[in-house]
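Visitor: I have a structure I would like to understand better, so I am pasting it below and will then ask my questions one at a time.
The values are calculated or read from the model by the stated rules, or taken from the named source; none is laboratory data. Keep in mind that what you see is a predicted model, and the values were worked out from it rather than measured. Neighbour counts run over all protein chains shown; Cβ positions are idealised from the backbone, glycine included. For the accessible areas, the whole protein counts, side chains as well, though only heavy atoms, and no ligand, DNA or RNA atoms are used. Shrake-Rupley method; radii C 1.70, N 1.55, O 1.52, S 1.80 Å.
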Amino acid sequence: MVEYQWWQTGVIYQIYPRSFSDTTGNGIGDLRGIIQKLDYLAQTLGIDAIWLSPFYPSPMADFGYDVEDYCNVHPMFGNLDDFDKLIINAHERDIRVIIDWVPNHSSDQHPWFKESRSSLENPKRDWYVWADPTVGGGAPNNWLSVFGGSAWELDQKTGQYYLHSFLKEQPDLNWRNPEIKRVMFETIRFWLDRGVDGFRVDVAHYIMKDPDLRDNPPSPSGALTFHRPHGEYDSQIHLYDKGHEDVHQVYREFRSLLDGYSKESPRMSVGEIHIFEWQDWVKYYGSPEAGLEFHLPFNFTLLKVPWQAKAVRKAVDELESVLPGWAWPNYVFGNHDEGRLASRFGVEQARVAAILLLTLRGTPTIYYGEEIGMTDVEIPPEDQLDPFGLQVPGWGRDRCRTPMQWNSGRHAGFSDKPDPGLWLPLSEDYRRVNVESENECPGSMLTLYRELILLRKSSLALRQGKYRNVNSVPDDCFVYIREAAEEKYLIALNFSPDRRLINNFGYQEGKIVLSSLLDRTELIDSGELSLRPNEGVVAIINT
Ligand code: GLC
């Protein structure tokens with residue numbers, strides 16, 4: 001009998017600390033704010049683990065993904081005592097804590113980089129990726145930054161260029177230097193010793209590049225690097241600037257480090273990996289023979305495929321077929337880099353998406369605010385903060401990072417700031433779309449999420465049962481069965497704005513236990529199931 005771990009059976013909830021809850025009245029969220037909301041997370045919503053985006057000391061050029069000290073808390077978010085309290089309070093409520101770990105780059109204000117750039121002879125020079133200019137004096141090769149422009153910045157004082165796969169304020173650490181592995185693994189131990197349950201590893205596949213720094217080849221037009229067009233970055237095949245095979249050895253060692261601690265309590269890792277070739281992506285699980293790597297490499301496929309039944313079903317079936325039996329699936333619909341569900345698909349289909357996310361086989365990750373149906377907030381260009389959006393039009397991420405909407409009061413209950421000016425503006429819909437109002441409303445998005453999480457918790461089939469799709473259904477519906485032992489659930493999702501009849505699922509009787517509209521529980525007695533426009537249902541099947 002396989003023993004399932006919390007990171008397989010549980011639901012993960014991502015918190016963007018700046019935007020969750022502010023206890024100091026400065027308009028920016030903090031760790032104490034998260035502590036205050038743990039009861040909401042444990043009891044109202046029922047999630048099992050939180051993933052915190054970075055809270056480290058940082059100049060905030062990339063809102064915390066530019067780390068100045070890997071073993072501390074930015075005073076804006078609190079201090080290490082607050083963090084310890086957060087761990088204790090979360091664990092008391094059976095909530096595990098996953099933190100963001102950013103191994104590819106530090107801040108340019110990190111003391112390591114300051115030393116590294118101070119002279120060619122500095123002992124830390126080789127802690128970052130430095131290279132000489134070309135003969136003509138240009139950048140060492142053609143690599144591009146994800147955030148726009150060349151990935152190389154000339155350091156006037158020492159005459160060499162340093163690599164930055166993201167902002168120039170985020171120099172890439174040199175993982176080919178064993179010292180980097182040593183010091184970065186120490187930072188992992190630091191947090192494991194404080195009781196952290198897992199790590200979300202930022203741009204995990206970027207850490208190893210071609211040792212010869214070869215030019216990337218040009219890309220035939222049309223090939224996407226990410227899940228949507230990305231301008232100049234798509235003009236190259238990113239063959240040499242990330243994902244070198246040597247990356248796997250690092251994550252095998254990283255896994256051993258975590259496994260060493262798992263004897264105490266199971267620790268986990270989830271890698272942020274934007275790779276859409278299944279065979280390359282699946283390698284980041286490692287293998288029992290060569291050594292395991294990530295417990296879960298984030299599966300971003302559902303962000304890439306169009307929201308159409310056939311495309312979604314294909315993505316799920318492909319994942320199911322590519323995974324070895326021992327590897328565990330996972331699904332993601334949004335995060336701090338992506339548009340929100342209700343804005344991408346509309347509110348009705350966002351409810352269908354919630355059913356999908358919480359009934360598929362695999363660990364679901366919910367981005368804060370999705371459970372109440374928050375929408376993207378359009379920020380006028382002159383008020384944009386996100387450097388990505390400022391440098392690459394269309395990629396601004398402020399819109400999905402706006403403050404959590406707790407109630408219909410001042411600042412939506414997010415902050416007591418005496419004056420206006422939260423770090424990002426609130427969504428105008430907060431008087432209607434907020435935790436307090438939705439908690440009392442039987443048909444709300446929050447109720448839907450809560451019921452789905454409860455259902456998943458109470459059902460072996462939904463938590464860890466097999467997945468099997470149902471053929472011969474209308475093209476714009478996705479229908480599948482989850483089953484374990486004697487328990488069977490049928491999930492039927494209507495992606496269309498019209499009624500659809502499902503009558504080929506192979507069973508005669510059952511009961512609809514949940515509709516995305518939360519207004520019906522009905523018996524099924526003739527092998528037929530009628531779906532209303534944009535409706536998803538979960539039914540238990542009598543076997
Ligand atoms: C990841 C993060 C993103 C960040 C980037 C650079 O993609 O999710 O927010 O800007 O890495 O660290």
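Visitor: Would you point out which residue out of P220, P266 is under 29 Å from W395 (Cα atoms) and in the same structural domain as W191 (by TED's automatic domain parsing)?
Guide: P220
Visitor: While we're here: Test of understanding: among D132, D172, which residue is within 17 Å of H244 (Cβ to Cβ) and of a type in the set (D, E)?
Guide: D172
Visitor: For residues in the stretch 231-271 being hydrophobic (A, V, I, L, M, F, W, C) and either touching a Leu at 6+ places or on another chain (Cβ under 9 Å) or more than 23 Å from T187 (Cα to Cα) (or both), which is nearest to the ligand (Cβ to nearest atom)?
Guide: V270
Visitor: Next question. Given the conditions (1) assigned by TED's automatic domain parsing to the domain that holds T44; (2) within 16 Å of the ligand (Cβ to nearest atom), and given that E92 satisfies all but one, which numbered condition is not satisfied?
Guide: (2)
Visitor: Restricting the stretch 165-201 to residues that are out of contact with any Ser or Thr (no Cβ under 9 Å at 6 or more places or on another chain) and within 16 Å of the ligand (Cβ to nearest atom), which is farthest from Y13 (Cα to Cα)?
Guide: That would be W175.
Visitor: When the stretch 342-365 is examined, which residues are found to be under 12 Å from the mean Cα position of the chain (by Cα) and buried (at least 24 other Cβ atoms within 10 Å of the Cβ)?
Guide: T363, T365
Visitor: Within the stretch 209-230, how many residues are away from the ligand (no atom under 16 Å from the Cβ) and surrounded by 14 or more Cβ atoms within 10 Å (Cβ to Cβ)?
Guide: Within the stretch 209-230, residues that are away from the ligand (no atom under 16 Å from the Cβ) and surrounded by 14 or more Cβ atoms within 10 Å (Cβ to Cβ) number 6.
Visitor: May I ask you to list the residues in the stretch 55-72 that are within 16 Å of the ligand (Cβ to nearest atom), under 18 Å from L86 (Cβ atoms) and touching a residue at least 60 places away in the same chain (Cβ under 8 Å)?
Guide: The answer is Y70, and nothing else.
Visitor: In addition: Only one of D84, D108, D22, D100 is under 21 Å from the mean Cα position of the chain (by Cα), open to solvent by less than 50 Å² (accessible area, probe 1.4 Å) and at pLDDT 95 or above; which?
Guide: The unique qualifying residue is D100.
Visitor: Then there is this: Against the definition (open to solvent by 20 Å² or more (accessible area, probe 1.4 Å), out of contact with any Cys (no Cβ under 9 Å at 6 or more places or on another chain) and within 30 Å of P178 (Cα to Cα)), how does A42 come out, yes or no?
Guide: no
Visitor: Give me a count of the residues in the stretch 272-308 that are within 16 Å of the ligand (Cβ to nearest atom) and without any contact (Cβ under 8 Å) to a residue 12 or more places away in the chain.
Guide: Taking the stretch 272-308 and keeping what is within 16 Å of the ligand (Cβ to nearest atom), we get 272-276, 281, 284, 294, 296-300, 303-304.
Those still in the list that are without any contact (Cβ under 8 Å) to a residue 12 or more places away in the chain too: none.
The number of residues fulfilling the criteria is 0.
Visitor: Sticking with this one: Name the pairs whose Cβ atoms lie under 7 Å apart, with the first residue in the stretch 155-181 and closer than 13 Å to A139 by Cα, the second open to solvent by 50 Å² or more (accessible area, probe 1.4 Å) and in a loop (DSSP other than H, G, I, E, B), and 6 or more positions between them or separate chains?
Guide: Partner pairs satisfying both residue conditions: D155/R117; Q160/D132.
Visitor: Also: Scan the stretch 125-149 for residues that are at negative phi and within 16 Å of the ligand (Cβ to nearest atom) and report the count.
Guide: Quick first cut of the stretch 125-149, residues at negative phi only: 125-136, 138-147.
Restricting the remaining residues to those that are within 16 Å of the ligand (Cβ to nearest atom) gives 128-129, 143-147.
The total comes to 7.
Visitor: Return the only residue of D94, D69, D82 being acidic (D, E) and within 30 Å of L390 (Cα to Cα).
Guide: D69
Visitor: Among the residues of the stretch 231-263, which ones are surrounded by fewer than 16 Cβ atoms within 10 Å (Cβ to Cβ) and of a type in the set (V, I, T)?
Guide: I237
Visitor: In the stretch 180-187, is there at least one residue being assigned to a loop (DSSP other than H, G, I, E, B) and either open to solvent by 20 Å² or more (accessible area, probe 1.4 Å) or assigned by TED's automatic domain parsing to the domain that holds R255 (or both)?
Guide: Scanning the stretch 180-187, I find no residue that is assigned to a loop (DSSP other than H, G, I, E, B) and either open to solvent by 20 Å² or more (accessible area, probe 1.4 Å) or assigned by TED's automatic domain parsing to the domain that holds R255 (or both), so the answer is no.
Visitor: How many residues are open to solvent by 30 Å² or more (accessible area, probe 1.4 Å) and not β-branched (V, I, T) when one looks only at the stretch 124-138?
Guide: Within the stretch 124-138, residues that are open to solvent by 30 Å² or more (accessible area, probe 1.4 Å) and not β-branched (V, I, T) number 7.
Visitor: Now for a different question. Being crowded, with 20+ Cβ neighbours inside 10 Å, in contact (Cβ under 8 Å) with a residue 40 or more places away in the chain and away from the ligand (no atom under 16 Å from the Cβ): is that true of W152 here? Write out each step before concluding.
Guide: Details: crowded, with 20+ Cβ neighbours inside 10 Å: yes; in contact (Cβ under 8 Å) with a residue 40 or more places away in the chain: no; away from the ligand (no atom under 16 Å from the Cβ): yes.
Judged against the criteria, W152 is not a match.
Visitor: OK, next. In the stretch 345-356, is there at least one residue being away from the ligand (no atom under 16 Å from the Cβ), modelled with pLDDT under 95 and not in a helix (DSSP H, G or I)?
Guide: no
Visitor: Sort through G334, G339 and tell me the only one that's within 20 Å of the chain's Cα centre (by Cα), within 16 Å of the ligand (Cβ to nearest atom), within 23 Å of D202 (Cβ to Cβ) and surrounded by fewer than 21 Cβ atoms within 10 Å (Cβ to Cβ).
Guide: Matching residue, one of G334, G339: G339.
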